[in-house]
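Report on the structure given below.
Every number here is computed from the coordinates shown, using simple stated rules; none is lab data. Note that the structure is a prediction, hence the values are computed from the model and not measured. Because the Cβ atoms are built from the backbone with ideal geometry, glycine has one as well, and the counts that use them run over all protein chains shown.
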């Protein structure tokens, strides 16, 4: 097996492009969800949205599969297409499957675990908001609330963002 890096800067650029396009696919799924947005968070695990209600089962599955397909497609076409890329890999089916599957697992394992959790133990309303807030606080994300989210916190928890985030 002959594997060689032809352009280090190109490889770094490709990896950044791969992660950015994957994150864009995840954001597209958030935008496609037509629900009441309480807030969003920016953290080391990417950008997350905090919605009030539980989506349908079909949307939960599509929310995990679509970004994974985008990730796998970008990896396959970027590393195994006939265009010269930043890294030269041999065109063996086993290697192609291994590289693409590893990349998809790296980017989408959290999405698949979230989908399984949401399908097996669905939460809605206050319980869903509190669980998501707790997870976002644990991941050191910066949480920003919308105007609807601020009024929701006041109405349902009789609290403001500072107080509720200190509870976690």
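By how many degrees, 0 to 90 and rounded to 10, does the Cα axis of helix 8-32 deviate from the longest principal axis of the chain?
40 degrees
Listing 65, 164 from the residue with the fewest other Cβ atoms within 10 Å to the one with the most, what is the order?
On the way: 65 15, 164 18.
So the residues, fewest neighbours to most, are 65, 164.
Taking only DSSP H segments of four or more residues, each worth -39500 (n - 2.57), what value at 222 nm results for the chain once the sum is divided by all its residues, to the nearest 500 deg cm²/dmol?
For the chain, the value works out to -22000 deg cm²/dmol.
Rg (Å, one decimal) plus Dmax (Å, integer) for the alpha carbons of the range 70-168?
In order Rg, Dmax, the Cα atoms of the range 70-168 give 20.7, 60 Å.
Separation between the residue 65 and residue 11 pseudo-spin-labels, each 7 Å from Cα along Cα→Cβ, expressed in nm?
3.4 nm
Looking only at 35, 118, 158, which one moves most when the chain is put into a Gaussian network model with springs between Cα atoms under 10 Å?
The residue that fluctuates most here is 158.
Convex hull volume of the Cα atoms in the chain, per residue, in Å³?
128 Å³
Taking only Cα atoms and a 10 Å spring cutoff, compute GNM fluctuations for the chain and point out the largest among 36, 108, 48.
36
Give the angle, between 0 and 90 degrees and rounded to the nearest 10, that separates the Cα long axis of helix 147-157 from the longest principal axis of the Cα atoms of the chain.
Approximately 50 degrees, to the nearest ten.
How much length would be gained if the chain were fully extended between residue 158 and residue 3, taking 0.36 nm per residue of separation minus their Cα-Cα distance, in nm to one decimal?
49.9 nm is the gain from fully extending residue 158 to residue 3.
Fully extended, how many nm does the chain gain between residue 101 and residue 27 (0.36 nm per residue separation, minus their Cα-Cα distance)? Don't skip to the end; give the middle numbers.
Numbers: separation 74, 0.36 × 74 = 26.64 nm, distance 2.18 nm.
Length gained between residue 101 and residue 27: 24.5 nm.
Between helix 93-120 and the chain, what is the angle of the helix's C-alpha long axis to the longest principal axis, kept within 0 to 90° and rounded to the nearest 10?
10 degrees
Can you compute the FRET efficiency between residue 94 and residue 168 using 1/(1 + (r/R0)^6), with r the Cβ-Cβ distance and R0 = 41 Å? Round to the nearest 0.05.
Approximately 0.35, to the nearest 0.05.
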